[in-house]
1. Quick check on region 142-151. Is at least one of its residues assigned to a strand (DSSP E or B) and over 22 Å from ALA91 (Cα atoms)?
2. Can you report the number of residues in region 11-25 which are in contact with a His (Cβ under 7 Å, 6 or more places away or on another chain) and over 14 Å from GLY79 (Cβ atoms)?
3. Look at ALA154 and say whether it is near the ligand (Cβ under 7 Å from one of its atoms) and over 19 Å from the mean Cα position of the chain (by Cα).
4. Would you pick out the residues in region 38-62 that are more than 21 Å from HIS80 (Cα to Cα) and among the small types (Gly, Ala, Ser)?
5. Pairs please, first residue from region 128-152 and over 14 Å from LYS64 (Cβ atoms), second anywhere and surrounded by fewer than 17 Cβ atoms within 10 Å (Cβ to Cβ) and among the small types (Gly, Ala, Ser), Cβ atoms under 8 Å, 6+ apart in sequence or on different chains.
6. Does ARG75 satisfy the condition of being closer than 26 Å to THR27 by Cα, within 11 Å of the ligand (Cβ to nearest atom) and of a type in the set (D, E, K, R)?
7. Condition first: hydrophobic (A, V, I, L, M, F, W, C) and more than 17 Å from the chain's Cα centre (by Cα). Now tell me which residues in region 15-30 satisfy that.
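The values are calculated or read from the model by the stated rules, or taken from the named source; none is laboratory data. Being a predicted model, the structure only gives us computed values, none of them experimental. Cβ sites come from the backbone with ideal geometry, for glycine too, and all protein chains shown count toward neighbours. Protein only, heavy atoms only, side chains kept; ligands, DNA and RNA dropped before computing areas. Shrake-Rupley method; radii C 1.70, N 1.55, O 1.52, S 1.80 Å.
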Amino acid sequence: MDDRRKVKISKYLARHLRHQPERIGITLDPHGWVEVGELIAAAGAHGFRFTRAELDEVVRSNDKQRYAVEGDRIRANQGHTVDVDLCLPVAEPPPYLYHGTVARFLPAIRAEGLRPMNRHAVHLSPDRETATRVGARRGVPVVVPVDAGAMHRAGHSFQVSANGVWLVAGVPPAFLRFPD
Ligand code: HQG
């Protein structure tokens, strides 16, 4: 399968496993899972056909390990806007985590901290390189270090997803360590 087809299937999975399952008439369970067979049938019925083998290859080779397959079920590892409880493990974060954004959001971020916006949680990266890639989706990337150790000591709860993305409800401005 060529990379363009993989990206196309991955984007289709993201849309329906994170945001709009109802668009193709599937229902995620409370933890975000759906039967693979049901997903493939629903997608086919709505004009997008792919095989189980293609799906498995997309899941296995995905650059950010966005999806998990367990037995006959699949879910997105994080990034949902629909209401699911991923039951991710609460964990102690490393001393610093990194948020990738762009300059135009900085005034609001300085004033009110990082907010989850449309998603369930603020996504933080374990390293600057990953955060740079996240920010670069929107323009010239700006990386904001987060004092995760201090947040954790102050009682904020961190969860880590299956692909190493750290999730937190929000980051108050006091824990942001701007580069300047
Ligand atoms: C910004 C992708 C104004 C924030 C990525 C970001 C990541 C604020 C945007 C994952 C703000 C939200 C998540 C505030 C935050 N005022 N703007 N107070 N607080 N923002 O997409 O972190 O490819 O929901 O800086 O690679 O960009 O989908 O979050 O620019 O891992 O798997 O509001 O999504 O992964 O945008 O990205 P997003 P994100 P996938």
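1. For region 142-151, residues assigned to a strand (DSSP E or B) and over 22 Å from ALA91 (Cα atoms): present.
2. Number satisfying all stated conditions: 2.
3. For ALA154, the condition - near the ligand (Cβ under 7 Å from one of its atoms) and over 19 Å from the mean Cα position of the chain (by Cα) - is not met.
4. The answer is ALA41, GLY44, ALA45, GLY47, ALA53.
5. So the pair list comes out as GLY139/ALA103; VAL140/ALA103; VAL142/ALA103.
6. Here the answer is no, as ARG75 does not meet what is asked.
7. Within region 15-30, ILE24, ILE26 qualify.
To keep it simple, each residue is scored yes or no on (1) in contact (Cβ under 8 Å) with a residue 60 or more places away in the chain; (2) out of contact with any helix residue (DSSP H, G or I) (no Cβ under 8 Å at 6 or more places or on another chain); (3) under 28 Å from ASP63 (Cα atoms).
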| position | (1), (2), (3) |
| --- | --- |
| GLY113 | yes, no, no |
| ARG119 | no, yes, yes |
| HIS123 | no, no, yes |
| PHE175 | yes, no, no |
